[in-house]
Amino acid sequence: QVQLVESGGGLVQTGGSLRLSCAASGRTFRINTMGWYRQAPGKQREVVAAITSGGNTNYADFVQGRFTISRDNAKNTVYLQMNSLKPEDTGVYYCNAKYRHWNEAFTDYWGQGTQVTVSS
């Protein structure tokens, strides 16, 4: 019903920047909120940022103004601009989309993840 493909991860030094992209395909007209989650080794997956179809955003406390989430509904793509990266930001970053069914129930769809590594 929905497929998500992430790109833009890589290796960067402390203080550097990366821009992640997530392209959605399939029944994209049913997608409400999209967002980014991350999972570090040995830790639970946690939300990084989220954005609604109307452009309202929400960020985790650890972002501390360093990241910006944006969305292009015409291109069915969500972005995460990450600046001032720290080693603690290292992990696999996953794109998420909340799919609205006809009965108003929601299902979470996930990309396969893109690796972000921040070296000291």
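The values are calculated or read from the model by the stated rules, or taken from the named source; none is laboratory data. The structure presented is a predicted model; accordingly, all values stated were derived computationally and were not measured. Cβ coordinates were reconstructed from backbone atoms using ideal geometry, including for glycine residues, and neighbour counts include every protein chain displayed. Ligands, DNA and RNA are excluded from the accessible area calculation, which covers all protein heavy atoms including side chains. Shrake-Rupley method; radii C 1.70, N 1.55, O 1.52, S 1.80 Å.
Residue by residue, here is whether (1) over 21 Å from P41 (Cβ atoms); (2) part of a strand (DSSP E or B); (3) in contact with a helix residue (DSSP H, G or I) (Cβ under 7 Å, 6 or more places away or on another chain) holds:
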position: F62; (1), (2), (3): no, no, no
position: I69; (1), (2), (3): yes, yes, no
position: Q81; (1), (2), (3): yes, yes, no
position: S84; (1), (2), (3): yes, no, no
position: E88; (1), (2), (3): no, no, no
position: Y94; (1), (2), (3): no, yes, no
position: W102; (1), (2), (3): yes, no, no
position: Q112; (1), (2), (3): no, no, no
position: V118; (1), (2), (3): no, yes, yes
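Inside region 1-37, residues that are surrounded by 14 or more Cβ atoms within 10 Å (Cβ to Cβ) and not in a strand (DSSP E or B) make up a count of 5. The residues of region 72-86 that are surrounded by 16 or more Cβ atoms within 10 Å (Cβ to Cβ) and over 19 Å from G9 (Cβ atoms) amount to a single one, N76. In a residue-by-residue description of region 38-60, the property of being charged (D, E, K, R), touching a Gly at 6+ places or on another chain (Cβ under 6 Å), within 23 Å of V2 (Cα to Cα) and in a strand (DSSP E or B) applies to at least one position.
Okay, residues lined up against (1) open to solvent by 50 Å² or more (accessible area, probe 1.4 Å); (2) in contact with a Phe, Trp or Tyr (Cβ under 9 Å, 6 or more places away or on another chain); (3) of a type outside the set (K, R); (4) at pLDDT 95 or above:
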| site | (1), (2), (3), (4) |
| --- | --- |
| R45 | yes, yes, no, yes |
| V48 | no, yes, yes, yes |
| T52 | no, no, yes, no |
| G91 | no, no, yes, yes |
| R100 | yes, yes, no, no |
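Could you check, for region 106-120, whether at least one of its residues is in contact (Cβ under 8 Å) with a residue 24 or more places away in the chain and of a type in the set (D, E, K, R)? For region 106-120, residues in contact (Cβ under 8 Å) with a residue 24 or more places away in the chain and of a type in the set (D, E, K, R): absent.
With respect to Y94, determine if the residue is over 13 Å from R19 (Cα atoms) and hydroxyl-bearing (S, T, Y). Yes.
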